[in-house]
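A.B. asks: Got a structure for you, written out below as structure tokens; questions coming shortly.
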Amino acid sequence: MLSRWTDFLTSDGEKPWRNRDAEFDESYPGKEAIIIASLPGWECLLGALESLKPWDLGKIIYIRNEGQTVLEAIQRQLAHDPHHVGQILYQAKVLKETILCRFRSQKGLQAILTGRNLPRKRE
């Protein structure tokens, strides 16, 4: 979203500094990291939408050299965002499975969710 909505009225939505292939190479260690990573994109999108005037909706903008109206670009974003929601849900499932594998007992799970450390089991 950061690439797409930065200066979107005057420059192509596919910025030269964007590295599409590396965007999801690494997983996130927790919820906070996911939120921190996604905030700049959401702030950029919301700021761009807030700056629009009614007459801007019919203007032609470009995404990967493909012309479309601002309204079409917004609709395209709305159609694309569920993919990101799916990625976040997948990441949450991975994190949940990691927690459950480490802490099989309810007491252990409660400890990790509340931030308390449990003593290690003797083997």
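Bear in mind these aren't lab numbers, they're just calculated from the coordinates by the rules spelled out. From a predicted model like this one, the values you see are computed outputs, not experimental measurements. All Cβ positions, even for glycine, are placed from backbone atoms using ideal geometry, and neighbour counts span all protein chains on display.
A.B. asks: Write down, largest first, the equivalent ellipsoid semi-axes of region 2-92 in whole Å, where each equals the square root of 5 times an eigenvalue of the alpha-carbon gyration tensor.
C.D. replies: Equivalent ellipsoid of region 2-92: 26, 14, 12 Å, largest first.
A.B. asks: How would you rank Glu50, Glu97, Glu43, going from fewest to most other Cβ atoms within 10 Å of each one's own Cβ?
C.D. replies: By the 10 Å Cβ count, ascending, the order reads Glu50, Glu97, Glu43.
A.B. asks: Tell me which of Leu89, Ala73, Gly47 sits at the most positive position along the dipole axis of region 2-92, charges placed on C-beta atoms (Lys, Arg +1; Asp, Glu -1).
C.D. replies: Among Leu89, Ala73, Gly47, the one farthest towards the positive end of the dipole of region 2-92 is Ala73.
A.B. asks: Can you list the aspartates and glutamates whose alpha carbon sits under 16 Å from that of Lys53, skipping same-chain ones fewer than 8 residues off?
C.D. replies: Asp7, Glu72
A.B. asks: When a footprinting reagent is the concern and you count Cβ atoms within 10 Å, what order do Tyr62, Tyr28, Tyr90 take, fewest first?
C.D. replies: Ranking Tyr62, Tyr28, Tyr90 by Cβ neighbours within 10 Å, fewest first, gives Tyr90, Tyr62, Tyr28.
A.B. asks: How many nm is it between the label spots at Tyr62 and Lys15, if each spot is 7 Å from the Cα in line with the beta carbon?
C.D. replies: 1.7
A.B. asks: Report the label-to-label distance for Gln75 and Lys53 in nanometres (one decimal), using points 7 Å from each Cα along the Cα→Cβ vector.
C.D. replies: Computed distance between label sites Gln75 and Lys53 equals 2.4 nm.
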